[in-house]
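Report on the structure given below.
The values are calculated or read from the model by the stated rules, or taken from the named source; none is laboratory data. Treat the numbers as computed from the prediction; the structure is a model and nothing was measured. Reconstructed Cβ throughout: ideal geometry from the backbone, glycine too, with neighbour counts over all protein chains shown. Ligands, DNA and RNA are excluded from the accessible area calculation, which covers all protein heavy atoms including side chains. Shrake-Rupley method; radii C 1.70, N 1.55, O 1.52, S 1.80 Å.
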Amino acid sequence: MHGTRHPGTRKSGKALALLPLAAAGAWIAWSHLGLNRAGPLPPALPGRRSTLRTRAGRVNLYAADAQGGRPLLLIHSVNAAANAYEVKPLYEHYRGHRPVYALELPGFGFSERADRIYTPRLMTDAILDAAAEIAGRHGGVALDAMALSLPCAYLARAALERPDLFSTLGLISPTGFDARLSGRGPADTHRGKPLARGLAAFPLWGRPLFDALVSRPSMRFFLEKTWGSRDIDEGLLAYDRLSARQPGAEHAPFSFLSGYLFPDDTTRVYEALRLPIFMVHGARGDFVDYRYVGEVAGRPNWTILRLPTGAFPHFENRAAVTGAYDDFLAAQPQQDQPTDSIR
């Protein structure tokens, strides 16, 4: 009879419908068994590593401070697999000319990866305590500090709270000048959504969900969006994969994905800065919305450079970034020189 399904056809249909559920169950089991975890994480950068005890917990600090001069602090971005490798071109360039440090924010790299909610306040406190430690090693001199992407907002907040710690700020592809993430909300607030974090971090599927997010195809996809090109840095991809497979690597990204790490007062903070600011951003890829940069462009303390690169211009054209940054620093009034490092 027309319209009557054969029993075997119905059984096949049910079996096919169950395939996605079975695949999800297999992925969850595989993830929880730890079969895809990496071994020990090698250092992302040369130099000495030290663990600082801060208000935000234990954080990792790379140091290459054999040279004299004003210290430079570098801070990586925030994403599902962030770490200090993201500042490697700048760190390697400057370590032969001046003391240079690279901070790994709480939840990333060798820093403490506790199961907690990560907020802009936590990140700002880590930056403040690391900056105070570095200044103390160099006779109390104010630092030059440079951050990538979202942590530019944390660095800006730190400079507002402790302007004595910072001489200049460098902002590479800063978040907060676009339509989605600019904001004039109450001071020190964020956009966290408890339900979203609860769902993402649910014990049964939280880590498997994260493992899918940081699979090789997924990570390559997001780096290509950052670069605006398929020609990404393969060393960064390889190190990101190792870092993202460490125990506890999912905790900070869960806060990132659920909005907790996005400040709601970024525009207000940038506009309040009075220190000399060097800003550079790219013109290619998914992170090119700087429609509100006019709020600060033209101010005497802001120097803004746009390059034909993606959002990590220091990887694509290190010479252009460091050359413009050095010109910016040379144009600043001469300040007291730091004393020798105290180790």
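A compact table of results
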| item | result |
| --- | --- |
| Backbone HN-Hα couplings from phi across segment 140-145 [Karplus 6.51/-1.76/1.60, Hz, Gly and Pro as x] | x, 6, 6, 9, 8, 9 |
| Rounded to the nearest 10 Å², the accessible area of residue 167 at probe 1.4 Å | 10 Å² |
| Computed Rg/Rh of segment 91-136, alpha carbon atoms with Kirkwood Rh | 1.05 |
| In sequence order, calculated HN-Hα J values of segment 314-321 (Karplus, 6.51, -1.76, 1.60; Hz; x Gly/Pro) | 5, 7, 7, 9, 4, 4, 5, 5 |
| Cut-off 12 Å (backbone N to label point 7 Å along Cα→Cβ of residue 162), residues of segment 91-129 | 124-129 |
| Rel. contact order, % - alpha carbon contacts under 8 angstrom, at least six apart, segment 57-145 | 37 percent |
| Calculated Rg and Dmax of segment 39-113 using C-alpha coordinates, Å | 12.0, 37 |
| Amide H partners (placed H, <5 Å) of residue 74, local residues excluded | 101, 102, 103, 146 |
| Residue-span extension gain [residue 274 to residue 320] - 0.36 nm each, minus C-alpha spacing | 14.0 nm |
| Segment 76-198: Rg to Rh, with Rh as the Kirkwood radius over Cα pairs | 0.96 |
